[in-house]
Amino acid sequence: MTAGSPLLQASNLHTWFELRQWGFLRVGSVRAVDGVNFALARGESVAFVGESGCGKSSLARTLLGLHRPTRGEVTFDGEELSTLKGKARQRYLARVGYVQQDPFGALPPFMDVRRLLNEPLIIHGVRDPAAREERIRRVLEEVRLTRVDEILSKFPHMLSGGQQQRIVIARALLLEPAMIIADEPVSMLDASVRVEILNLLRNIQRERELTLAFITHDLSTVRHFADRIFVMYAGRIVEQAPVDELLDHPQHPYTQSLLAAIADVDADNALEERDVPGGEPPSLLNPPPGCRFHPRCPKAIAGTCDVREPPRFAPREGHYSDCWLHDERHGS
Amino acid sequence: MTDATETLLRVEDLRLHYQTRRGVARAVDGVSFDLRRNEALVILGESGCGKSSLAKALMRVLPRNVQHFGGHVMLGETDIMALNDERFRREIQWNRIALVMQAAMNALNPVVRVGEQVAEPLRVHRGWSKERALERVAETFRKVGVSTDFIQRYPFELSGGMRQRVVLAMALVTEPDLVILDEPTSALDVLTQAAIMNVLKRIKRDEGTSFILITHDVATSSELADRVALMYAGQIVEFSDARQFFHDPAHPYSKMLMDSVPRLHQPEAPGHIPGEPPDLINPPAGCRFADRCPSRFERCDRDPDAFSLDERRRVRCWLHEGEDA
Ligand SMILES: Nc1ncnc2c1ncn2[C@@H]1O[C@H](COP(=O)(O)OP(=O)(O)O)[C@@H](O)[C@H]1O
Ligand SMILES: Nc1ncnc2c1ncn2[C@@H]1O[C@H](COP(=O)(O)OP(=O)(O)O)[C@@H](O)[C@H]1O
Ligand SMILES: [Mg+2]
Ligand SMILES: [Mg+2]
């Protein structure tokens, strides 16, 4: 593959979950991912930002091949994911590391760290125990764990949340991935260790020239840890741009609300109420017609936003937003 | 009419130690502070530093393995540590101090309608009739922004944000003097968090309620705080006015913590605090933060006093010795 081609591409991607009552009666589909398009370049770090339930984890799991898309496709290094079988699929899973939200849930509780880090190497055919030990020690150093001998003999519950997440990251790195998908890697951790883990991921991404897809619901952390941002709402990407451009010139009313809800720390924050759009994200079983944000949008245009789905506009260079306000006919 | 600057709560040398198999865990280890009426005090600190234990000690909801529980707590004119359990339950719990426990929104009874659950403190602690209690519940629901139609709903029918408002209503329904909130928004989304913080600001303004808000998140703390108490390993290391704490923190730990806060409009990346907090079972003899402190010097091998920098600011750090007011 040429260096210029994207590493991963999602085209018209849909992941719907069938909802059944009593196990057989079809009630409808939860449209967790509902028409998503993007391409990730080699070596870039992107953030997917959105509220819980907007489909971030479903998207991550679809990219990992853990859910089969209902429609559309994912290609990785030019190969379409759904065509990969057996060994080829194994190889794909080694090339895409997965760091999940809950590090404790991601680690087998009955294995000590040495054993749980040996496991993936054994599965992927590293037979020589000394070679495995060597690689394990190298990645533990890379994730900045000190007192390695002590850590290797511990079980997951004996480690702090930050240490557990470092082990999860180490495990993902062992197989020399080209990409890492980190699904809210710090949301279960204390504020004081979040920055440390995010810095670690960012440095590893730069040093190894990995592609990093970093999922979060917290816009305040993305500036330093991503090159580009995708904002998701109700199963869709509603806005995308390079990180500074998006944070400094948000275009979509949803992104604007998210940014208005967070303020940099200041004693005056306690004195004023924040502007928060009313209501809650829509049901993905029955999303509203038109723009999915229109029932909560302070700028919704009656007769347009509640009727027609907004196409993608480019209100600024390299900055895309799916919102009718950018349509010239509405004179934004 | 009460004086707005009147002290509501005065806590002195509060201790709560647990018996564990490995030894005694000093979760709350000599905590002192005071709170005025209609003030919001934020207790800030990393997980495991004793924030929830402090809340439980104030509300006297204690686990069975308590090894030592002591100190002085004055609520208005009442020495509440001197009350026996029976009187404490009858007079203080829910009536004058209410506590929203960490993750309470996930602990609602799934088979009881939320209206009845919110009415419970009135029925149990005040002996009110169901009708009278439900009327008050409706009033409280309006204050916290929950539709009164929800009185008849079950918890699973409500979103996370609505359930959090419901447990908040439960704490407010008896109109207590002091409401303690343990990590009330940590599990919620940004927009829902902001909406809940708006509700708290409104209640504080309109009802004159006093709050102790517990969180590990500095950004959240700034949405309500009049004053900040930073905890570290079972102790308060800095107690300051919110403005001073956020803009000119005094303790080295406070400074590092403030530097680690991600800021949307700041070009530099945030810093972090290396290392881990000490074990509460055998905390180091001197300053508990010394191992991670960039300003450590010989004196730090001895336990520092809490030095008062001015009338309302105390810092537990040898660097401030002699600045004592
Ligand atoms: N395996 C599944 N089966 C059915 N519904 C699911 C499944 N996984 C997720 N969902 C639903 O899809 C929607 C999106 O969920 P998710 O992808 O977890 O969002 P996020 O990660 O942004 O919180 C939610 O309504 C969720 O309940
Ligand atoms: N019932 C208990 N028995 C023994 N140790 C406990 C108990 N409850 C809490 N602890 C310990 O006390 C310390 C403080 O806990 P906690 O008050 O929950 O802190 P925080 O709320 O700041 O995370 C922790 O080390 C915790 O493991
Ligand atoms: Mg998720
Ligand atoms: Mg706690």
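The values are calculated or read from the model by the stated rules, or taken from the named source; none is laboratory data. In this text, all values refer to a predicted model and were calculated from it rather than measured experimentally. Counting neighbours? That spans all protein chains shown, and the Cβs are built from the backbone with ideal geometry, glycine included. For the accessible areas, the whole protein counts, side chains as well, though only heavy atoms, and no ligand, DNA or RNA atoms are used. Shrake-Rupley method; radii C 1.70, N 1.55, O 1.52, S 1.80 Å.
Quick look at the values:
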| quantity | calculated |
| --- | --- |
| Any hit, the stretch A:171-185, residues being in contact (Cβ under 8 Å) with a residue 12 or more places away in the chain, farther than 18 Å from A:E209 by Cα and part of a loop (DSSP other than H, G, I, E, B) | yes |
| Top-ranked residue in the stretch B:222-264 [being β-branched (V, I, T) and under 30 Å from B:H68 (Cβ atoms); ranked as nearest to the other protein chains (Cβ to nearest Cβ)] | B:V228 |
| Members of the stretch A:163-197 that are within 16 Å of ligand 1 (Cβ to nearest atom) and either farther than 28 Å from B:L188 by Cβ or β-branched (V, I, T) (or both) | A:I181, A:V186 |
| Top-ranked residue in the stretch B:210-221 [being outside any helix (DSSP H, G or I) and open to solvent by less than 10 Å² (accessible area, probe 1.4 Å); ranked as nearest to the other protein chains (Cβ to nearest Cβ)] | B:T215 |
| Subset of the stretch B:181-205 (residues that are more than 12 Å from chain A (Cβ to nearest Cβ) and either surrounded by fewer than 24 Cβ atoms within 10 Å (Cβ to Cβ) or part of a helix (DSSP H, G or I) (or both)) | B:D182 |
| Qualifying positions in the stretch A:133-158 - closer than 22 Å to A:V193 by Cα and touching a residue at least 24 places away in the same chain (Cβ under 8 Å) | A:V139, A:L140, A:E142, A:V143, A:R144, A:L145, A:I151, A:L152, A:K154, A:F155, A:P156, A:H157 |
| Criterion (surrounded by 17 or more Cβ atoms within 10 Å (Cβ to Cβ) and touching a strand residue (DSSP E or B) at 6+ places or on another chain (Cβ under 7 Å)) met by exactly one of A:V143, A:V96 | A:V96 |
| Tally of residues being open to solvent by less than 40 Å² (accessible area, probe 1.4 Å) and either closer than 20 Å to A:G235 by Cα or touching a residue at least 24 places away in the same chain (Cβ under 8 Å) (or both) across the stretch A:319-332 | 6 |
| Within the stretch B:167-205, tally of residues that are over 24 Å from B:G50 (Cβ atoms) and not hydrophobic (A, V, I, L, M, F, W, C) | 9 |
| Only listed residue being assigned to a helix (DSSP H, G or I), open to solvent by less than 60 Å² (accessible area, probe 1.4 Å), over 28 Å from B:L75 (Cβ atoms) and not charged (D, E, K, R), chosen from B:L134, B:L122 | B:L134 |
| Whichever residue in the stretch A:190-214 is open to solvent by 10 Å² or more (accessible area, probe 1.4 Å) and within 16 Å of ligand 2 (Cβ to nearest atom) and, among such residues, is nearest to B:G48 (Cα to Cα) | A:D190 |
| Failed item, numbered, when A:R115 is tested on (1) of a type outside the set (A, V, I, L, M, F, W, C); (2) surrounded by fewer than 16 Cβ atoms within 10 Å (Cβ to Cβ); (3) within 16 Å of ligand 3 (Cβ to nearest atom); (4) modelled with pLDDT of 95 or more | (3) |
| Every residue from the stretch B:274-291 that is farther than 22 Å from B:Y18 by Cα and at pLDDT 95 or above | B:A290 |
| Complete set of residues in the stretch B:37-54 that are at pLDDT 95 or above, more than 6 Å from ligand 2 (Cβ to nearest atom) and either closer than 25 Å to A:G162 by Cα or not hydrophobic (A, V, I, L, M, F, W, C) (or both) | B:R37, B:N38, B:E39, B:V42, B:I43, B:L44, B:L54 |
| Selected residue (criterion: nearest to the other protein chains (Cβ to nearest Cβ)) from residues of the stretch A:261-305 that are assigned to a loop (DSSP other than H, G, I, E, B), hydrophobic (A, V, I, L, M, F, W, C) and open to solvent by 60 Å² or more (accessible area, probe 1.4 Å) | A:L285 |
| Where a residue in the stretch A:36-59 is more than 16 Å from ligand 2 (Cβ to nearest atom) and in a strand (DSSP E or B) and its partner, wherever it lies, is open to solvent by 10 Å² or more (accessible area, probe 1.4 Å) and acidic (D, E), with Cβ under 8 Å and at least six apart | A:S45/A:D227; A:V46/A:D227; A:V49/A:D218 |
| For B:F297: the one exception among (1) over 18 Å from B:L41 (Cβ atoms); (2) open to solvent by 40 Å² or more (accessible area, probe 1.4 Å); (3) within 13 Å of chain A (Cβ to nearest Cβ) | (3) |
| Within the stretch A:215-233, tally of residues that are open to solvent by less than 10 Å² (accessible area, probe 1.4 Å) and more than 13 Å from chain B (Cβ to nearest Cβ) | 2 |
| Criterion: more than 30 Å from B:Q244 (Cβ to Cβ), more than 14 Å from chain B (Cβ to nearest Cβ) and part of a helix (DSSP H, G or I) - qualifying residue of A:R308, A:R329 | A:R329 |
| Condition broken by B:R314, with the remaining ones in (1) away from chain A (no Cβ under 14 Å); (2) of a type in the set (K, R); (3) touching a Ser or Thr at 6+ places or on another chain (Cβ under 9 Å); (4) part of a loop (DSSP other than H, G, I, E, B) satisfied | (4) |
| Failed item in (1) without any contact (Cβ under 8 Å) to a residue 40 or more places away in the chain; (2) in a loop (DSSP other than H, G, I, E, B), with A:H67 passing the rest | (1) |
| Strands (runs of 3 or more DSSP E) wholly inside the stretch B:1-101 that include at least 1 residues being farther than 30 Å from A:D268 by Cβ and open to solvent by less than 70 Å² (accessible area, probe 1.4 Å) | B:7-20, B:23-36, B:66-75 |
| Extreme residue, farthest from ligand 3 (Cβ to nearest atom), among residues of the stretch B:32-57 that are more than 17 Å from B:A103 (Cβ to Cβ), in contact with an Asp or Glu (Cβ under 6 Å, 6 or more places away or on another chain) and at the interface with another protein chain (Cβ under 10 Å from one of its Cβ atoms) | B:A40 |
| A:V139 vs. criteria in contact with a Lys or Arg (Cβ under 7 Å, 6 or more places away or on another chain) and at pLDDT 95 or above | no |
| Number of the condition not met by B:I80 [criteria: (1) more than 16 Å from ligand 2 (Cβ to nearest atom); (2) farther than 27 Å from B:L230 by Cβ; (3) modelled with pLDDT of 95 or more] | (2) |
